1. What list do you get for 204, 258 if you sort them by fewest beta carbons within 10 Å?
2. First check a/c for segment 119-211, with a ≥ b ≥ c the square roots of the eigenvalues of its C-alpha gyration tensor; if it is under 1.5, answer rounded, and if not, answer prolate when a/b is larger than b/c or oblate otherwise.
3. Taking a cut-off of 36 Å, what percent of all Cα-Cα pairs in the chain are separated by more than that?
4. Please give, to one decimal in nm, the separation of the simple spin-label points placed at residue 109 and residue 70, each 7 Å out from Cα toward the Cβ.
5. Report, to the nearest 10°, how far helix 295-306 tilts away from the longest principal axis of the Cα atoms in the chain, using its own Cα long axis and a range of 0 to 90°.
6. To the nearest 10 degrees, how steep is helix 8-18 against the longest Cα principal axis of the chain, on a 0 to 90 scale?
7. Can you give the angle from 0 to 90° between the axis of helix 122-139 and the longest principal axis of the chain, with both taken from C-alpha atoms, to the nearest 10?
8. What ranking of 328, 23 emerges when the number of other C-beta atoms within 10 Å of each C-beta is taken as an exposure proxy, fewest first?
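Readers should treat all values here as calculations from the given coordinates under stated rules, not as data from a laboratory. Since the structure is predicted, the reported quantities are computational estimates derived from the model, not experimental observations. Cβ placement follows ideal geometry from the backbone for every residue including glycine, while neighbour counts extend to all protein chains displayed.
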Ligand SMILES: Cc1ncc(COP(=O)(O)O)c(C=O)c1O
């Protein structure tokens, strides 16, 4: 290979003077290894001294080669795709591979994550998500809500806006704190996905969100407060909250109906929370370490996913329990076929009573919305 285009010494000489590597100055102060090839988990490299080594790449090229190098299925898929259609812009155009990938992602992710926006790297994905959060408030005429709250110790990428939510002191972006937007930080969350809820951390988070509510482009705390208060006020139990989803359980069918209707009505009244959708299913549950399991959990979650914003959908079991109760109206929907569950009957739950009372909650919500606009101080 000596002297040819693959000659390691010649590659290193040009690389040193003209190629700028991440996290390194130019010209470089250290000499990189030259990769000659890669297969599975192994890299075939040549050292600056000319030694040929085989190394295990235990960080999968910064986690982007998780299936290993030259995986035959990936090589075949990339080759076939490049021959059919390598790249076209995505504005105003679409194509089968994109739709197919989006379909698979929608199937993989839990409701209500049912829309896909494609980005080409981790940093860009973070930029896209942050821009969406900001744009949401701009579209609602609240451009002052432009800051983000996060915790210390995070790393989200090296583009400028993503850097603003990385750890502001300990991280490698400390150099940029006076350039990137100043975000709101709380402490590092208690470690572990399964760690029990830490009341002190929750209190710190709530206080920070409350103190910056008018400038934050985030709704999670508002959603949590609204749902937690409504559920517990009717004797329900908050099983878990994940982002803008809450799972609750309650012993009595009537309490379940009251919670669901109050959530929807509360969501309508609250201009910081978008219209909520609620799905209710009735049946036995298995409790393990504070979490709930059983077919009814799956059913309730799937029903929630298909409920329209601002409505409550219930299954046949709950409908049977509520039937005959004049406080509620149950309107039949066409049955739906749910994958892995089968054909499911569904009913929309509304408040009953005399017609003049039926829309009282809605009228009250409208009245409050109007007065909130007239009295700006009451906005939240
Ligand atoms: C949590 C997290 N977010 C974002 C990024 C940035 O991804 P990328 O290097 O693809 O821009 C990383 C990269 O390590 C990451 O670990």
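1. Working: 204 15, 258 20.
So the ranking, lowest neighbour count to highest, is 204, 258.
2. The shape class here is oblate.
3. Details: 31768 of 72010 pairs.
For the chain, the share of Cα pairs beyond 36 Å comes to 44 percent.
4. Simple spin-label model gives 3.5 nm for this pair.
5. Around 90 degrees separate the two axes.
6. 60
7. That helix lies at roughly 40 degrees to the long axis.
8. Details: 328 22, 23 6.
Final ranking by Cβ density, sparse to dense: 23, 328.
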